[in-house]
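Okay, so here's the structure we're looking at.
FYI, it's all coordinate maths here, none of it is from the lab. For clarity, every value in this text was computed on a predicted model and none was experimentally measured. Using ideal geometry, Cβ is built from the backbone for each residue, glycine included, and neighbour counts are taken over all protein chains shown.
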Amino acid sequence: MTEIMKNGPVNPVKIQDNTFRDGHQSIYATRMRTEDMLPIAERMDEMGFWAMEVWGGATFDTMHRFLGEDPWERPKLLKKYIKKTPFAMLLRGQNLVGYRNYADDVVRAFVDKACEVGIDIFRVFDALNDLRNFEICVERIKANGKHFEGTICYSLTEPHLGGDVFNMPYYLDLTKRLEAMGADSIAVKDMAGIVSPYDIFALITEMKKVTKLPLHLHTHYTSGMASMAYLKAIEAGVDIVDTCLAPYALRTSMPAVEPLVVALQGTKRDTGMDVHKLIALGEHLEAIAPKYQKHLATNTLSLIDAGVLAHQIPGGMISNLVSQLKEMNALHRIDEVYKEIPRTRKEAGTPPLVTPTSQIVGVQSVMNVIGGRYKMVNNQFADLMYGLYGKTPTPIDPEVQKVVLKRHKRGQTPVTGRPADYLEPELAEDKQKIGDLAKTEEDLLTYALYPATGEQFLKWKYGVEPMPESVKPPAAQEAGKGK
């Protein structure tokens, strides 16, 4: 055991459990139903997790579209069983849980309602690390007395930390600015699983010198480096890490909690968690696995994507690219797309590759390969170049920007202000459009976030239209067959 793990005061690593959100989002396309969470909810509450992530990310979208569940009900229902452990959610800043920037009135109403239904900790991030897109979220999180976890999207332009863009000064500057914004903790969000062990050791070490706030590391197992990265981050003094129960871990998910607990036993960073109880919780997930198996990617033998070590493209982005190319009968051109992505990304101001910028850059890269460079431009890419997502880490290529914005519906002169300042209030008009179908504030917000699919869900919810069998829970499908 290293001296750094033996000596010094006892400082247990805190664990955030992501099983009920990012775990099944990463490996089962976010399809886990609330009914399968409830049988172990009370036992999860007894484990001593720092927090449990139960909402945000893609859950809102998937629940109302594919599971026929009201997203607002999940945290309320889980709170009846989980009474001690704080609930965390992933919030995309001004994007909330959607894929575009929403007007300030929608953001205020959403955050207030999220606090009301049971969210205690808000992990707020922006795809461009433009902190102006945090402002309204933070205002409402603080007004409600909740925990604001300021989040830095980790990205690279080289194999390791450094270079002209994503270097130590870049991350330390964001750390200091988040603390100045009133963050209660700071998270490093490595969505692509590309942080290497020694890079994260150096980064956490330096961050500890500029802030006293708790530091939280989130990474994915995609590249195979995640568990190594956690151990080095823990040696450097990271306070909190994200894990999942073993059945929902690894692949493109997070590291498993069980081996980490055992690895730290007897050290000054010992979590104090009971591995036997954790294993028992995993048995429930194994038992329900057949319900979700069809969503598990089985196209490769490897549990890791070694390719991401070379091209640094997140796994979710790759699956989208493959799907897009298949539709065009052009999957054989994927290597060309891999080469195009870094070029398109640089011209667009080197955005971190995270939702929604990963999809935006990916789609445009495919268009550039298939149709010729910028012969076709998708609207979201044009909005990115226009400035509607915020300030990019590096300047946008002016010549490419002119070409992209030549026929842009919003205009040819880019904007530089806070993106939401260019958006008109939305809720009053949304209320008029949806009318009596939205019977609660939650219903109105569901429609505001997802007008087409949200309206469809409300029709199912209130019996205006029958819910398709494919959306109903399995038990309801079976009951329907017996009629």
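A few points about this structure:
- Site pair Glu158 and Lys209 shows an inter-label distance of 1.8 nm when each label is modelled 7 Å from Cα along Cα→Cβ.
- Under a model in which nothing but the beta-carbon of Lys, Arg (+1) and Asp, Glu (-1) is charged, the range 162-275 shows a dipole of about 140 debye around its Cα centre.
- Computed lengthening from Tyr81 to Thr413, 0.36 nm per intervening residue step minus Cα-Cα distance: 114.2 nm
- Whole-number percent relative contact order across the chain, with pairs defined as alpha carbons under 8 Å at least 6 apart: 17
- Taken along the Cα-to-beta-carbon direction at a fixed 7 Å, the label points for Lys268 and Ala428 span 5.9 nm.
- The string of couplings for the range 381-391 from the Karplus curve (6.51, -1.76, 1.60, θ = phi - 60°) is 5, 4, 5, 4, 5, 6, x, 6, 9, x, 7 Hz, one whole number per residue in order, with x for Gly and Pro.
- Over 18 Å between alpha carbons, listed pairs Lys14/Lys232; Lys346/Lys409; Lys439/Lys472; Lys232/Lys268; Lys433/Lys459: Lys346/Lys409; Lys439/Lys472
- Residue-count net charge about Thr243 - beta-carbon cut-off 13 Å; Lys, Arg +1, Asp, Glu -1: -3
- Amide H contacts for Ala187 (H built 1.01 Å from N in the peptide plane; partners 5 or more residues away or on another chain; cut-off under 5 Å): Gly150, Thr151, Ile152, His216.
- Across the range 84-96, computed HN-Hα scalar couplings (Karplus, 6.51 cos²θ - 1.76 cosθ + 1.60, θ = phi - 60°) run 9, 8, x, 9, 10, 9, 9, 10, 7, x, 5, 7, 6 Hz from first to last residue, x flagging Gly and Pro.
- As an equivalent ellipsoid, the range 313-417 spans semi-axes of 23, 15, 11 angstrom, where each value is the square root of five times an eigenvalue of the C-alpha gyration tensor, largest first.
- Cα-centred dipole magnitude for the range 313-417, charges only on beta-carbon of K, R (+1) and D, E (-1), debye, nearest 20: 280
- Difference of contour (0.36 nm per residue) and Cα-Cα distance, Met228 to Val403: 58.6 nm
- Part-to-part distance (alpha-carbon centres) for the range 8-67 and the range 416-454, which is given in Å: 28
- Computed over the chain, the convex hull of the alpha-carbon atoms projects to a mean area of 23.3 nm².
- Calculated FRET value between Leu303 and Thr394, using beta carbons and R₀ = 30 Å, to 0.05: 0.30
- Net dipole in debye of the chain [+1 Lys, Arg Cβ; -1 Asp, Glu Cβ; about Cα centre; nearest 20]: 520
- Residue-span extension gain [Asp421 to Leu38] - 0.36 nm each, minus C-alpha spacing: 133.7 nm
- What the phi angles of the range 413-424 give under the Karplus curve with 6.51, -1.76 and 1.60, with θ = phi - 60°, is a coupling list of 9, x, 9, 10, x, 4, x, 5, 5, 9, 10, 7 Hz, glycine and proline written as x.
- Structure-based [θ]222 nm, the chain - -39500 (n - 2.57) summed over DSSP H runs of at least 4, per residue, nearest 500: -13000 deg cm²/dmol
- Across the options Thr30, Leu427, Ala348, the greatest Cα extent toward the positive end of the charge dipole of the chain (unit charges at beta carbon of Lys, Arg, Asp, Glu) belongs to Ala348.
- Residue exposure sequence - Arg31, Arg74 - by fewest surrounding Cβ within 10 Å: Arg31, Arg74
- Counting neighbouring Cβ atoms within 10 Å and putting the fewest first, the residues Cys244, Cys115 line up as Cys115, Cys244.
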